[in-house]
Each structure stands twice: as structure tokens, then as C-alpha cells.
Amino acid sequence: MYTLLIVQLAVSGALMGMVYALIAYGFQLTFATSKSINFGQGELVMLSALFSLTLIDTGLPYWLVVPGGMLFGVVLGLFVERAGVRLALEQKSEGWILLTIILGLLGFSAAENIWGRDDRPFPTPIPSDPVHIFGIDVTPLELSVAIGVLAVMGLVELFKRKTLLGKAFEAVSADRDAAQLMGISATRTIQLSYGLSGLVAALAGILVAPITTVGPTMASVLILKAFSVAVVAGLDSGFGVVLIGLFLGALESLTSFYLGSGWREAPGLVLLILALAVRPNGVFGKASIRKV
Amino acid sequence: MWKRLLLIRGAELAVLALLGAIPLLVDNSYVLGLLTLLAIYGILLIGLDVTVGYLGQVNLAQAAFLGLGAYAAGLGVAHFDFGMLAALAMALGVGLLFGTLLAFPALRLEGPQFALATLSFSALSATTLNEWEGLTLGAQGLQVSRPPVLGMTLDAPGFFWLCLLLLALVWLAMRNLLSSQWGRAFEALRDSPIATDAMGVGTYRHKVAGFALASALGGLAGGLYAFNFQYLQPQSFGYDLMVILLLGVVLGGRKSLWGALVGATLIALLPNLLSNRELFQAISAVGLLVAAVAGARGLLRKTTRPFQALAPIVAMGILMAGSLIVENTEDWRKAIFALMLFAVVVGLPEGLMGFAAHFLTKLFRIAPPPLPAAAALDVVLPRQAADGSALLELRDLKRYFGGVKAVDGVSLTVRAGEIHGLIGPNGSGKSTAVNVISGLYVPTGGDMLLRGKALPVGSLFKVARTGVARTFQNLQLFSDLSAVDNVMVALRGVYRTPIPLVLLGLAMGEEQRARAAALALLELVGLQAQARTRARDLTYGDQRFLEIARALARRPELLILDEPAAGLAHPDVNKLIEIIKRIHERGISIILIEHHMDVISELCSVVTVLDGGRIIAAGTADEVKRNPKVIEAYLGMTDDSAGAAAPALAG
């Protein structure tokens, strides 16, 4: 019975880990094209979820709310790129770190004042009554998260491999200067990557909202774990984030069982610092050759 | 000289005296509280500026170190019955310890990964302070009593004077440190970590030291914070405070003690400025005006990009509109910080003090400190024996990148005192060979001996310390440092003062000697007149010469010049030849990688030709030029047209 409980905890944790993986995937998208990430991505997740909640409140059906929220995420992603990232990249500085933190803070404050500081439930048509699979309880809600995450990641990868625009994306990721010499606009491609990154962040927010409830602080712990997943897996490792996400989700679920729920953030943070110390390019990342 | 000293030191003393006198003039506990907070933030921000300003890394852990220091001091008093000074020492020590522990893993990283590591550390420290209830009482909060100092109980003004005294001491110590080799090394490694290592300065240990120091100051400030508020809660040291601290450093001005003080003043006053609606409206109006004027000026003079001029105006415009609409500004505190930070980061990257410094230097016509007379070259760069003994030996050296055999079994000997030319078509492995010798790449196989002893492999830093110096094909100057500072960073065997004495300001004599030596080397390459020019503002040719002077500051036995003539105009090429001859006269052995055959012919006694990672010819310049294999490698011809090709090569 005890073993079953542990497995149960690990499985529900791992399913939550899929959300971290999805947000981490958003970091990878922008890192690939521009070597930059949005430090305010958590606020993007949260704002998209709150916006979707407002759409639901206006009476829109769930199946229209999802694309609506995702579109909102794209718009926010584009805004972050324009206001916080482009100038710093043009100046070849790391000013984008500070600027994206600042934009995140602005978004947080706006959310506090527009939607209030309280956490609210997020209605969803997907049932949350558990089903038994091999003696373990899994809710369709949790499964929907996993399926949604894999589906959107698969679609984005398909887009990158099969469409011309996607190939431009890959070209800029491989070598920005060479791609520009071939007539691909790096600026447009980086814009595209931030748009896509906003899209997956918004989807992450919509998927996780029914489980965590929605409020300004909903993403503040989520994002730390997404950072951990991205760094531990490697910022350029593709599907490595899924494995690490599953692992970290299970690990923190067990930590909170053994040490108390206050410590549940600890393993991710320790893992991140350790990973940086041992493998700075991540478990699945490639070491780059320094050139002079 | 005196005017400069008088104005700058005078301003420091005047501000200190003014701050110290306020409690005597005004009997107001609220004002006193603000002043105390200002002094504490001052110490904290001076520390944060070391990482954010000098090392150029976004450090998100300073608020966490403040918290750790505060709890350390509080618990020291509660559990060990420490006096104030012992508790403060403990706070400083805790900051130093955790700073060092975090620095070792985190500082192998750059940019975003570093920021993430510090962010994780902050979250981890907040979790621990919250959850370790047995020690910290968690969210309930910890009462701290203010212990006596050397048996004396401090009242509020007394405690403020203690904080101010510590701020003054920290200020002095940091001024000494940052104007020494340490400060130069911090700035150098921000501009080019690779060159910093290649100059034997040691990127990693300087970064670790800088970060540990910053954290120690955070801890000290935390100790004072604990005794000021006498009540601690984990959530006081979270993300919000971190953003406010960054606002302080950026708004005040990076890389400046004055900037840190201005920043500390602003963030100490900020909550009060925001709570008064009229005052807030006035501030946002001033902000909008400044952004509009600065933006318009930048646009008209075309010194800024449109975004850089317009974005701050938009941000300040939103702030202004908000101040008129919003009833309770306290609710929008974070957004207000964000808008202000955004406008400053985009529109005024040098901060208020950076801006004011330009202005004040012009207003008072403050001359830069005078340069000493150049030292004698014989002292700076003593003549070495050019006895033709084997200096560097490569035996079957190999370096593969995957399947690419960039260097594939190269054996050669460089003899003391010779200029050894290394030529070959593009992609023949010259630069890779040099990168392996200088420690940037680990060899795939083979041996490298310097004077019969194995050369360290795979570490620029260690190789630099054995007496091998190099320049870079793509310039790797410390672009924000002046020419003379570029050379000073690399000087070998001058900086001996241990760090405690540097903090006490006892490295002045050493600094003057170093500067005189650097000037002698600048003279050698003809740059004495540009000693104060920032490296990035030098002409391209002068930048190449500066790299050579900087490499010479290592007092090398072996100097590797990686395509020094690349991109040089003809007069500069002649100047380069003169410089290399002068270096050669001092008995320094040189490996010269070049494409210009006339440079090679004029300078080199021995030439080795590489192609496809292998040696295809060796001998004097003339022998090599006539070698059919060489002609084939360069021109792709095989047989009797060789004779006709030789003159083309010589040109």
C-alpha cells in the first residue's frame, strides 16, 4: 500500500512537471534564436490565464477561450521582444535580463490592480474525477495537461521542420550571421520566437490554471521550477526538458511528502545550482567551442 | 592635481559631515530612521555595484545576503550573547561564506545562467528562512535586541553614527580596491574573459573574489538592518526588495561609489515620495520633462536610436497619466518602480551619477590625474639571452574537431631569440596550433615543451603564467579601459600587495610603478600620446599595437603574434615591422603568423609552412618561397609554372 502511495505521488508530480517542461520549452525557443530568455515569462503565463478567465466570464465557450488566451500570449510575447529585448540585442549587451525582469514586474502590478490579489478558481469542462489506471488515480484534468503539452510541442517542432518559416527559424538558431547573409531577417525570426514562446506560455497558463487556481502569484513558484528544468536539461536540448520536467515534478512531490510542503521548491533550486556547477550546458546540452 | 584632490575628497568629506550633523540639528526620530536606512542601503549597494557594475553580471542574490546577514546577527545575539561588533562580524562572515559557496559554481557561468543561479539561491534562502522554524521562527518573525558596542548602549543617533562610520570605512576600502589592480581586473574580465585569462590575470578567481566581497557587504548591511528594525521576517528579503536594490544601483549609476550613495538615498526616500500624491505627480512630471528633453536632444543630434529616445518618454508619460488618475499610488508601487527602472535602463544607462560626472568634470574643469614619467625600458623589459637554445618544442601535436583534423601531427622547434614565421593558406591550422599552444584548446595528442618542461594544457591562464604571451587575430582588448590600463592589467611581477593592505590603501606606490612601466611599453609601440584614450576609441592600427604592448607586459620569453598585420594600412604595416624588430632586439623569441609575405621575408629567420594541419615545408623565407609544395598549396599549381608563381607570392 505504501509503495502504491509513493508511485501515486510520483505520477501526479510528474504530470505537473509537464507544465514546467512546457514553460521551459518556451525559454528554449527564444534562446535558440537570440541567446536570450524572458525573465518575466511567469507573468506572461499568469496574465494569459487571467485574460482567459475574463473571456470565460464573458460567456465564451472553453474551446474559443483557449485560442483566445493563446493569442493574448503571442501579443505579450511580441511586446516583450519589442520593448525589452531588441535594443539590448542590437547593442550586443545583456541589458535584456534587467529589462525583461522590469516588464515582468509591470505585468505583475497591472494584474494585481486589474484582476485583484485573490486567487480564483478556473472553470473547465474537463472532469476532475479520478480514473484508476493500474491502481493509480489519475484525473482527466492532469492527463489533459500532459496531452496538451506534448501536442503543442510536437506542433511547434513540426512547424520548425516542415515550413519555410520554420526552416528560417532553424537557420537563425544555427548561425545568426550566416542566416542574415542568406537574406533571412534575424530580427523577424527572433520576433517569431518570442511570439511562439508567448503562445506556449499562455497555453501552460490555461492548462495549469484549473489545478492551481488563478491569481497574480500563481506563476511565481512555477517559473522558478521552469527555470530549473530549462537549465538542468540545457537551454538548447529540445525534448530533454520533458524528461527533466517529469523527473523534477516527481521529485518535488516526494519532497513535499517527506519534508513538508514548505520545502517543495527546494529540490529544483538545488538541482539548478548543482547542474550549473557540474554541467553548465545542461544534462542534454552540447558544449560549445570557444573561438577567438 | 590639487584641485582634483580638493574637489573630490572635499565633496566626500562635506557629504559625510552633513549627514553626520543632521541628528544634531534636527531632533526627529523619523528623519533619523531614514538616515540610518540610507547608510545601510549605501553599504548594500556599494556591494551590489561590484557585481552589477564592475563584473557586469545581473546579481539577484543581494537581498538574500542581506537577509542571511540579518538573521546571522540576530541569532548571534540571541543564542551566543554576542556584542554588536561580534554580531556584525558574524553577519559579514556569513555573507562572505555563502557568497563564496555560491560563487564557485555560479561564476563559471555568464549572463542569464548566472542571473538564474543567483535567483535560485535567493528563493532557496527564502525557503530555508521560512521553513527552518526551530532556528528562525519562520513567518512568525524574529525579535532582535540591539546589543551594546564595547559595553556602551547605543541610542538612535549613536546607532546612526555607527552605520555612517561603517559606510565611510566601506567607501574608503572599496575606493582603494577598485582603483587598484583588482578593480582593473574586474573591468577587464567583463570586456574580454578570454584575454583576461590569456594575460595571466585569472578570470575565475577575480570573479569569485568580487562576488564574495559583494556578498560580505550584503551580510554586513544585513547585520545593521537587523539592529535597526529589531524585527525580522523572511519575506522582507524577497524579490520585491531585490528589484528595488537594482533600481538603486541602476538609477544612481553603475561603477560609481557616488552612484551607490545617490541610489541608496533615492530608495530610502522612495516610499515617502510615493505616498504623497502631489509630490508623486511633481516627480513624474519632472521625469517626463527630462525624458522628453533628453530624447529630443538625442534624436536631433542622432546620438540615440529612436527607440532609446521614445521609450522612456512613453514610460514616463504612462507614469504621469497614472499619477493623475490613480487614487492610491501605494497599490501600484511595483508598476511605478518598473516604469522608472525601464526609463532609466533604456534612456540613461549610465545612471544619474554617470550623467552628472560628465557634467561636473566639465563645469569644474577637473583634469585627470597626471601620469608619471615612463620607466626605463631596460628595467621593464630586460634583455634576454638569444642563445639559440631550444625554447618551445612541439612533438607530433594534434588537435581534431570531430572528424576535422585541424592540426595533424606538427613537430617544430622555436629557438631562443628567433622570429619564427608560421604561414599557410586559410584553414591550414595556424590559428588552431596557436590556440593549442596558448591553452585555449586541449590538444588531441602530442607533446609541448617549454625549455624542456611540459607546457600546461587547456588553460590560457596557466600557460600565460609560464612566460608565453599572445595577441589575438580578432582583437580582444579591454575596450572600456584606457590604453595604459590595458597594459597595466597584464603587467607581471608588479602587484604583490595582499588584499587587506590594498583595502587599506597601501598599494599606491606599486600602482605608480606599474603605471610607469606600462607607459614605457606604450612608448615602445608608439602609443605614449594615447595613454589615456579608451581602447575602443583608438584607430584600428593602434588597437593592434596596443595588443602587442599588452602582451609584452607579461615580460614573455615567447611572444605569439596571431596575424598582427591583418587589415592594417601600408604605413601601419611598416610601423609594425619596426615594432617587431625592437621587440626582437630585446632577445624575446617570437612566433609570427602572417599572410603578408613581405613582412615574413623581412623579419623571420625560420619559416614553417602548414597546409591541411601538417608541415609541408620549413627553412628560410627564400627557401620556402621557392618550394613547389608551398606554391601548390597557395596557388593550386603543380608543375613547371612554379617559377612564374614565385614573384606573385613574394608580393
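Key figures
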read-out	value
Check on A:GLY282, buried (at least 21 other Cβ atoms within 10 Å of the Cβ) and not in a helix (DSSP H, G or I)	yes
Test for B:ALA553: is it touching a helix residue (DSSP H, G or I) at 6+ places or on another chain (Cβ under 7 Å) and free of Cβ contacts under 8 Å to residues at least 24 places away in the same chain	no
Residue check for B:LEU559: more than 30 Å from B:GLY613 (Cβ to Cβ) and away from chain A (no Cβ under 14 Å)	no
So B:ALA103, is it part of a helix (DSSP H, G or I) and either more than 9 Å from chain A (Cβ to nearest Cβ) or in contact (Cβ under 8 Å) with a residue 60 or more places away in the chain (or both)	yes
Filter result for A:GLY59 (outside any helix (DSSP H, G or I) and of a type outside the set (Asp, Glu))	yes
Candidates A:SER228, A:SER220, A:SER261, A:SER185 - the one that is within 14 Å of chain B (Cβ to nearest Cβ), without any contact (Cβ under 8 Å) to a residue 60 or more places away in the chain and among the hydroxyl-bearing types (Ser, Thr, Tyr)	A:SER261
Qualifying position, being in contact with a strand residue (DSSP E or B) (Cβ under 7 Å, 6 or more places away or on another chain) and surrounded by fewer than 24 Cβ atoms within 10 Å (Cβ to Cβ), among B:MET90, B:MET84	B:MET84
Residue selected from segment B:434-449 under the condition among the hydroxyl-bearing types (Ser, Thr, Tyr) and surrounded by 18 or more Cβ atoms within 10 Å (Cβ to Cβ), by the criterion farthest from B:GLU393 (Cα to Cα)	B:TYR441
A:LYS225, sole failed condition from (1) among the charged types (D, E, K, R); (2) more than 13 Å from the chain's Cα centre (by Cα); (3) modelled with pLDDT of 85 or more; (4) within 19 Å of A:THR30 (Cα to Cα)	(2)
Search result, residues across segment B:393-416 that are surrounded by fewer than 18 Cβ atoms within 10 Å (Cβ to Cβ) and either within 14 Å of another protein chain (Cβ to nearest Cβ) or over 20 Å from B:LEU559 (Cβ atoms) (or both)	B:ARG395, B:ASP396, B:LYS398, B:TYR400, B:PHE401, B:GLY402, B:GLY403, B:VAL404, B:LYS405, B:GLY409, B:SER411
Residues of segment A:264-273 satisfying the condition of being of a type outside the set (A, V, I, L, M, F, W, C), under 14 Å from B:LEU119 (Cα atoms) and more than 7 Å from chain B (Cβ to nearest Cβ)	A:GLY268
From A:SER12, A:SER36, residue being polar (S, T, N, Q) and not in a helix (DSSP H, G or I)	A:SER36
Residue in segment B:156-178 that is more than 9 Å from every other protein chain (Cβ to nearest Cβ), of a type in the set (Lys, Arg) and more than 23 Å from B:LEU34 (Cα to Cα) present	yes
In segment B:454-464, the residues that are modelled with pLDDT under 90 and either surrounded by fewer than 14 Cβ atoms within 10 Å (Cβ to Cβ) or in contact with a Phe, Trp or Tyr (Cβ under 8 Å, 6 or more places away or on another chain) (or both)	B:GLY458
Flag for B:PHE229 being surrounded by fewer than 23 Cβ atoms within 10 Å (Cβ to Cβ) and among the aromatic types (Phe, Trp, Tyr)	yes
Exclusive hit being in contact (Cβ under 8 Å) with a residue 40 or more places away in the chain and not hydrophobic (A, V, I, L, M, F, W, C), set B:THR128, B:THR196	B:THR196
Matching residues, segment B:15-24, being under 16 Å from B:LEU38 (Cβ atoms) and either among the aliphatic types (A, V, I, L, M) or in a loop (DSSP other than H, G, I, E, B) (or both)	B:VAL15, B:LEU16, B:ALA17, B:LEU18, B:LEU19, B:ALA21, B:ILE22
Hits in segment B:498-543 - residues which are among the polar types (S, T, N, Q) and either assigned to a helix (DSSP H, G or I) or surrounded by 19 or more Cβ atoms within 10 Å (Cβ to Cβ) (or both)	B:GLN512, B:GLN528, B:GLN530, B:GLN543
Close pairs (6 angstrom Cβ cut-off, 6 or more residues apart or separate chains): within 29 Å of A:SER48 (Cα to Cα) in segment A:119-139, aromatic (Phe, Trp, Tyr) anywhere	A:PRO125/A:TYR62
Residue match in segment B:63-72 (condition: crowded, with 19+ Cβ neighbours inside 10 Å, within 14 Å of chain A (Cβ to nearest Cβ) and either closer than 22 Å to B:GLY259 by Cα or among the aliphatic types (A, V, I, L, M) (or both))	yes
Residue within segment B:572-592 that is at pLDDT below 90, among the β-branched types (Val, Ile, Thr) and assigned to a loop (DSSP other than H, G, I, E, B) present	no
From A:GLU43, A:GLU90, A:GLU81, residue being within 11 Å of chain B (Cβ to nearest Cβ), buried (at least 20 other Cβ atoms within 10 Å of the Cβ) and acidic (Asp, Glu)	A:GLU43
Test: residue in segment B:332-346 that is more than 14 Å from chain A (Cβ to nearest Cβ) and surrounded by 15 or more Cβ atoms within 10 Å (Cβ to Cβ)	no
Among residues of segment A:52-94, those that are in contact with a Gly (Cβ under 6 Å, 6 or more places away or on another chain) and over 24 Å from A:ALA174 (Cα atoms), counted	4
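The values are calculated or read from the model by the stated rules, or taken from the named source; none is laboratory data. Because the structure is predicted, anything quoted here is derived from the model rather than measured. Every residue, glycine among them, receives a Cβ derived from its backbone with ideal geometry; neighbour counts consider all protein chains shown.
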